[in-house]
Amino acid sequence: MSRLHPTCFGTMAAGLALSNLLGLAPALAQTKATAANTLTVQVNKPGAPVSQKMYGLFFEDINFAADGGLYPELVKNKSFETDDHLIGWKAIRGAAGLADYRVSSDRPISNANNHFLRLSVKTAGPDAGFVNEGFRGMGVKQGAEYTFSIYARRGPGSIGALNVTLEEPGAGAGPEAPGAGHTLAQAQLTGLTGEWKKYSVVLKPSATSAKARLKLTVEGTGTVDLDVASLFPKDTWGKRENGLRPDLVQLLKDMKPGFLRFPGGCIVEGTTLDNRYQWKETIGDVASRKPMINRWNKEFKHRYTPDYYQSFGLGFFEYFQLSEDIGAEPLPILNVGMACQFNSAELAPISAAKGPNAAGAADEPTLDTFIQDALDLIEFANGPASSPWGAKRVAMGHPAPFNLKMIGIGNEQWGPQYLERYEPFAKAVKAKYPQMQLVSSAGPSPDGDLFDKATAKLREWNAEYIDEHYYASPEWFRQHADRYDNYPTTGPKIFAGEYAAQTVAIGSPDNKNSWDAAISEAAFMTGLERNADKVAMASYAPMLAHVDAWQWTPNMIWFDNLRAFGTANYYVQKMYATNKGTTMLPVQRAAGAKNGADNLFTSAVADDASGDIVVKLVNYSAEARPVAVNLQGVKKLGKTAKAITLASNDLNAVNSLDQPQNLAPAETTFKVSSPNVTYTLAPRSFTVLRIPGKR
């Protein structure tokens, strides 16, 4: 595998030097671009403005993206509120003194947090207690500080202290095996009373470990109740108490995303409506947020994950904060009264009178329930402190509005059931908030009868954005770089809300984040940029995946408990997002060749802020390719330009935790002497040229 650095050339010597660099035979070296490789960038005929939220992020809690990932709480099931109340916890084997343990609801901390762990110790000993395994282990760093906190209540007996140990298990030790680990940090909590009280201590590990575990044991005999056990790093983004994992946030911020779509994805819909994402359950006191099973936990037999829950420590308030932190517009997606149509396809009735269970339970949600949730969310995000939901935002520490401008109605629904719910939903939102922009769904497929009917109806209703999704082979992405060329320039804008090249098959566990997938996406994205008058937003999906706990491949960013890396796909997205410019510039190929002919794809924009002409070039061929870029009508041309190149001769090349920069952009500079710029593209490369030139 190699990463190649293209060189601008205009002489035979430069061309031969490039051929040597690329390992090509001298006969392949060229000193001039052929006619087919001549491009005219019409700097003097600018097209549509490029949406400043053109390239953004899609977040869904899949692949341990939230708990165990972006949300850095290290204790799994800290409040014993999951369906299987002891998920993540194991009694220590051989602890003869631990006479009994159970999850109880006897006088809990609160009605919202009504389960806790009760330990009864008959004989005092060093292993009378429990361990928590974390999320495929706990990643801790030497010398870093971690705040351990817990609620405890002493019962009958003489239990006087709680021992807190952070340890690295020995080789082959199960999560509940005692005495087999190396102690990383230890502390003791004393002063236990007969009433619930919160205790905390800072732990500072003596060594780094990616697979540590937490051990809690008691001193003395008797009964003690434990709840809300937390181990949270002090090193979070912005040093917030309930903050996010900083290395992952940094990767997102570095992309300069235009928007953040959250919380998904099929998470929005749920397997059933009872399992849907309800944003109101994810705000307020973190300890009172009720966990819910993650709908991805048993979706795939090949990645069966029954311990996958959502704690909602990362909730809607934190999503809005994250959007603000990384400079992205928030785009919340809300349920439209439909569960996942690939699962139960359960529907909320449009009205109580029409519902199949109209005479049934009074609390059955109707479409009005979902509409009211949307209206309340807008008030939560933007309302003043004097409003009921705005007051809740202010109470959480954000007096200023979040400036929410758009929401999505439904995730990936299709068919008449979606359209008959979308119409009254959209009318109700627009009636109260006429400036709110709405994102609508065209379904899970990029074509077909249902797609065509949804698109036609949404255009008839003057929808602002139509959300199109496509997961397909790398070839499909290269072949469809012209997808939007013939779309109408009026009416709804396109939101390419989910897309990713699948190297094997959609949903296959063998898909890879290969260079073939990434360069094919880069080729396709030239078509998005060339059609900036029709396409306003685009986001790769999914965004995050834990290397030990994923359900879906491929993914943009991978991580373990300590490290993270961007894939080649990530760098393609970043190169587009950080070079999006302000105005689309038409590009013409010689002899009227189409974009993508001879495996050469291109688009261009003007960046008025920097004064650069930005040309994006994808060379999918296996040979170096000289191109001539004619900057038609450019003014005040600069002398030094920059090239940013992502390339590899190996289409199967990937990044990894151990080789995170195997595929990464390289920057070079080159001289420009006239509006006719000649440049050689490396084989299998995506190149961004930034040429200073006023228009």
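The values are calculated or read from the model by the stated rules, or taken from the named source; none is laboratory data. Because the structure is a prediction, the values reported are computed rather than measured. As a convention, Cβ positions derive from the backbone with ideal geometry for all residues, glycine included, and neighbour counts pool all protein chains shown.
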Q: Only strands (runs of 3 or more DSSP E) wholly contained in the stretch 649-695 count here; list those with 2 or more residues that are over 21 Å from Leu631 (Cα atoms).
A: 666-671
Q: Name every residue in the stretch 262-310 that is within 17 Å of the chain's Cα centre (by Cα) and among the charged types (D, E, K, R), in order of residue number.
A: Arg295
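Would you check if there is a residue in the stretch 509-531 being of a type in the set (Gly, Ala, Ser) and over 26 Å from Pro683 (Cβ atoms)?
No: zero hits.
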Q. Considering the stretch 649-695 alone, what residues qualify as being basic (Lys, Arg) and closer than 20 Å to Gln42 by Cβ?
A. Arg690, Lys694, Arg695
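In the set Thr687, Thr668, which member is outside the structural domain of His546 (by TED's automatic domain parsing) and either touching a Ser or Thr at 6+ places or on another chain (Cβ under 6 Å) or modelled with pLDDT under 95 (or both)?
On the way: Thr668 fails: either touching a Ser or Thr at 6+ places or on another chain (Cβ under 6 Å) or modelled with pLDDT under 95 (or both).
That would be Thr687, the only listed residue that is outside the structural domain of His546 (by TED's automatic domain parsing) and either touching a Ser or Thr at 6+ places or on another chain (Cβ under 6 Å) or modelled with pLDDT under 95 (or both).
Test Ser158 against the stated conditions and say whether it is out of contact with any strand residue (DSSP E or B) (no Cβ under 6 Å at 6 or more places or on another chain) and surrounded by fewer than 19 Cβ atoms within 10 Å (Cβ to Cβ). Even if it seems obvious, please write down each step before you answer.
Working: out of contact with any strand residue (DSSP E or B) (no Cβ under 6 Å at 6 or more places or on another chain): no; surrounded by fewer than 19 Cβ atoms within 10 Å (Cβ to Cβ): yes.
So Ser158 fails the test.
Of all residues in the stretch 550-582 being of a type in the set (Lys, Arg) and out of contact with any helix residue (DSSP H, G or I) (no Cβ under 7 Å at 6 or more places or on another chain), which is surrounded by the most Cβ atoms within 10 Å (Cβ to Cβ)? Walk me through how you get there before you give the answer.
Looking only at the stretch 550-582, we keep the residues that are of a type in the set (Lys, Arg), and these are 563, 574, 580.
If we keep only those that are out of contact with any helix residue (DSSP H, G or I) (no Cβ under 7 Å at 6 or more places or on another chain) too, we end up with 563, 580.
Working: Arg563: 14, Lys580: 20.
My answer is Lys580.
For every residue, the table says whether it meets (1) touching a residue at least 24 places away in the same chain (Cβ under 8 Å); (2) touching a strand residue (DSSP E or B) at 6+ places or on another chain (Cβ under 8 Å); (3) part of a loop (DSSP other than H, G, I, E, B).
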residue	(1), (2), (3)
Gly264	yes, yes, yes
Val268	yes, yes, no
Thr271	yes, no, yes
Trp296	yes, no, yes
Thr305	yes, no, yes
Pro330	yes, yes, no
Asp373	yes, yes, no
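Kindly indicate which of Asp307, Asp274, Asp285, Asp325 is surrounded by fewer than 24 Cβ atoms within 10 Å (Cβ to Cβ) and either under 30 Å from Asp254 (Cβ atoms) or not assigned by TED's automatic domain parsing to the domain that holds Gln551 (or both).
Exactly one of Asp307, Asp274, Asp285, Asp325 is surrounded by fewer than 24 Cβ atoms within 10 Å (Cβ to Cβ) and either under 30 Å from Asp254 (Cβ atoms) or not assigned by TED's automatic domain parsing to the domain that holds Gln551 (or both), namely Asp325.
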Q | Condition broken by Phe380, with the remaining ones in (1) within 24 Å of the chain's Cα centre (by Cα); (2) farther than 26 Å from Ser344 by Cβ; (3) part of a loop (DSSP other than H, G, I, E, B) satisfied | A | (3)
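Which of the residues that make up the stretch 454-489 are among the hydroxyl-bearing types (Ser, Thr, Tyr) and within 20 Å of Pro554 (Cβ to Cβ)? Walk me through it before giving the result.
Going residue by residue through the stretch 454-489, those that are among the hydroxyl-bearing types (Ser, Thr, Tyr) are 455, 465, 470-471, 473, 484, 487, 489.
Answer for the stretch 454-489, where residues must be among the hydroxyl-bearing types (Ser, Thr, Tyr) and within 20 Å of Pro554 (Cβ to Cβ): Tyr470, Tyr471, Ser473.
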Q. Which one of Leu646, Leu617, Leu663 is out of contact with any helix residue (DSSP H, G or I) (no Cβ under 7 Å at 6 or more places or on another chain), crowded, with 18+ Cβ neighbours inside 10 Å and on the phi < 0 side of the Ramachandran plot?
A. Leu617
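Could you list, in sequence order, the residues of the stretch 558-594 that are part of a helix (DSSP H, G or I) and among the basic types (Lys, Arg)? I'd like the intermediate steps shown before the answer.
Here is the first cut: in the stretch 558-594, the residues part of a helix (DSSP H, G or I) are 568-577, 590-592.
Of everything in the stretch 558-594, just one residue is part of a helix (DSSP H, G or I) and among the basic types (Lys, Arg), namely Lys574.
Can you tell me which residue in the stretch 571-593 is farthest from the chain's Cα centre (by Cα), limited to those that are among the basic types (Lys, Arg) and within 28 Å of Gly258 (Cβ to Cβ)? Steps first, please.
Applying the first criterion (among the basic types (Lys, Arg)) to the stretch 571-593 yields 574, 580, 589.
Retained after the next criterion (residues that are within 28 Å of Gly258 (Cβ to Cβ)): 574, 580.
Details: Lys574: 14, Lys580: 20 Å.
The qualifying residue farthest from the chain's Cα centre (by Cα) is Lys580.
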Q | Which numbered condition Pro488 misses (of (1) touching a Phe, Trp or Tyr at 6+ places or on another chain (Cβ under 9 Å); (2) more than 30 Å from Lys301 (Cα to Cα)) | A | (1)
Q.
Pairs please, first residue from the stretch 585-601 and on the phi > 0 side of the Ramachandran plot, second anywhere and basic (Lys, Arg), Cβ atoms under 9 Å, 6+ apart in sequence or on different chains.
A. Gly596/Arg478; Asp598/Arg625; Asn599/Arg478; Asn599/Arg625
Q. What do you reckon, is Val605 in contact (Cβ under 8 Å) with a residue 60 or more places away in the chain, crowded, with 22+ Cβ neighbours inside 10 Å and within 17 Å of Lys45 (Cβ to Cβ)?
A. yes
Q | Subset of the stretch 310-323 (residues that are in a helix (DSSP H, G or I) and in contact with a Pro (Cβ under 8 Å, 6 or more places away or on another chain)) | A | Phe316, Tyr319, Phe320, Ser323
Q | Selected residue (only one of Phe130, Phe116 is aromatic (Phe, Trp, Tyr) and under 33 Å from the mean Cα position of the chain (by Cα)) | A | Phe116
Q: Can you tell me which residue within the stretch 495-517, out of those that are of a type outside the set (Asp, Glu), outside any loop (DSSP other than H, G, I, E, B) and within 17 Å of the chain's Cα centre (by Cα), is farthest from Ser441 (Cα to Cα)?
A: Ala501
Q) Of all residues in the stretch 190-225, how many are aliphatic (A, V, I, L, M), crowded, with 21+ Cβ neighbours inside 10 Å and part of a strand (DSSP E or B)? A) 5
Q: Please state which of the following conditions Ala541 fails to meet, knowing it meets all the rest: (1) in contact with a helix residue (DSSP H, G or I) (Cβ under 6 Å, 6 or more places away or on another chain); (2) of a type in the set (Gly, Ala, Ser); (3) surrounded by fewer than 24 Cβ atoms within 10 Å (Cβ to Cβ).
A: (1)
Q.
It is to be established whether one or more residues within the stretch 203-222 are among the aliphatic types (A, V, I, L, M) and under 30 Å from Asn411 (Cβ atoms).
A. no
Q: Could you list, in sequence order, all residues of the stretch 232-262 that are closer than 25 Å to Met54 by Cβ, in a helix (DSSP H, G or I) and either at pLDDT below 95 or not aromatic (Phe, Trp, Tyr) (or both)?
A: Leu248, Val249, Gln250, Leu251, Leu252, Lys253, Asp254
Q. If you check Phe380 against the conditions, is it at pLDDT 95 or above and within 19 Å of Thr272 (Cα to Cα)?
A. no
Q.
Go through (1) surrounded by fewer than 19 Cβ atoms within 10 Å (Cβ to Cβ); (2) more than 20 Å from the chain's Cα centre (by Cα) for Pro492 and report which single condition fails.
A. (1)
